[in-house]
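Contents: one structure, followed by commentary.
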């Protein structure tokens with residue numbers, strides 16, 4: 001990814017941070033878009049080590065006007081974006097009978113609407129450059145559903161629909177759009193599960209272990225790089241076989 005300019009939403013922790021690190025290690029300049037970035041100092045040190053740069057732009061990705069302004073600034077500052085990763089996401093789990101309207105709205109706005117705002121803001125730019133890669137972070141839950149996560153599952157399923165439709169719109173100008181569907185990945189969001197919950201998940205995974213953020217970042221690296229120039233419109237599962 002030498003000389004590629006990339007944008008990653010929600011890149012300050014978890015899978016997003018791993019993607020930022022992997023991109024930096026492979027020669028890309030990275031713009032992180034998130035509300036905060038406590039890890040910026042360590043990421044700047046990593047970027048310096050590999051002769052590239054990392055920047056943070058503060059934004060609420062669920063705010064369309066804010067996202068549009070920030071992306072306009074990034075395109076101007078960078079001289080052109082090659083890769084965009086929509087990774088920002090939250091969970092507000094609960095059975096539907098107890099789920100508040102606010103929990104539904106917040107998850108849809110952060111997980112799905114934000115990706116629409118970002119894609120809309122960069123689409124014409126990528127089309128004018130006749131190339132680029134858009135990556136949306138979905139989930140196996142978006143493919144198969146999950147009890148107690150109707151809001152999260154709906155948002156992640158929506159990302160797959162957005163991905164496949166946008167891939168058809170942008171393909172004539174060489175812009176690729178794909179989604180990644182991680183399975184059970186060890187991040188801050190999953191560390192709160194107890195042993196029984198962990199074992200319940202592992203029993204459904206043929207590889208019998210959780211995935212790591214780095215393993216998902218490597219999938220993003222493949223889709224972002226020229227190793228995947230004939231791949232578009234795909235929802236690529238990285239789930240240890242859970243989907244089987």
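The values are calculated or read from the model by the stated rules, or taken from the named source; none is laboratory data. Just so it is clear, the model here is predicted, and its values are computed rather than measured. Glycine gets a Cβ as well: all are built from the backbone with ideal geometry, and neighbour counts include every protein chain shown.
Numbers for the structure displayed
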{"quantity": "Any hit, the stretch 12-31, residues being within 18 Å of residue 107 (Cα to Cα) and touching a strand residue (DSSP E or B) at 6+ places or on another chain (Cβ under 7 Å)", "calculated": "yes"}
{"quantity": "Members of the stretch 203-229 found to be under 15 Å from residue 184 (Cα atoms), touching a residue at least 60 places away in the same chain (Cβ under 8 Å) and buried (at least 18 other Cβ atoms within 10 Å of the Cβ), listed by number", "calculated": "213, 216, 217"}
{"quantity": "Subset tally (residues that are in a helix (DSSP H, G or I), farther than 13 Å from residue 84 by Cβ and under 18 Å from the mean Cα position of the chain (by Cα)) for the stretch 119-146", "calculated": "4"}
{"quantity": "Which listed residue, of 168, 149, is more than 16 Å from the chain's Cα centre (by Cα) and within 20 Å of residue 236 (Cβ to Cβ)", "calculated": "168"}
{"quantity": "Which numbered condition residue 82 fails, given (1) within 13 Å of the chain's Cα centre (by Cα); (2) surrounded by fewer than 24 Cβ atoms within 10 Å (Cβ to Cβ); (3) within 22 Å of residue 18 (Cα to Cα)", "calculated": "(1)"}
{"quantity": "Where residue 168 falls short, out of the listed (1) in contact (Cβ under 8 Å) with a residue 60 or more places away in the chain; (2) out of contact with any strand residue (DSSP E or B) (no Cβ under 8 Å at 6 or more places or on another chain); (3) in a helix (DSSP H, G or I); (4) closer than 21 Å to residue 243 by Cα", "calculated": "(4)"}
{"quantity": "In the stretch 35-51, residue nearest to residue 18 (Cα to Cα) [restricted to those that are in contact with a strand residue (DSSP E or B) (Cβ under 7 Å, 6 or more places away or on another chain) and modelled with pLDDT of 95 or more]", "calculated": "43"}
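Residues checked against (1) closer than 22 Å to residue 214 by Cβ; (2) free of Cβ contacts under 8 Å to residues at least 24 places away in the same chain; (3) surrounded by fewer than 23 Cβ atoms within 10 Å (Cβ to Cβ):
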site: 28; (1), (2), (3): yes, no, no
site: 35; (1), (2), (3): no, no, yes
site: 39; (1), (2), (3): yes, no, yes
site: 56; (1), (2), (3): yes, no, yes
site: 64; (1), (2), (3): no, no, yes
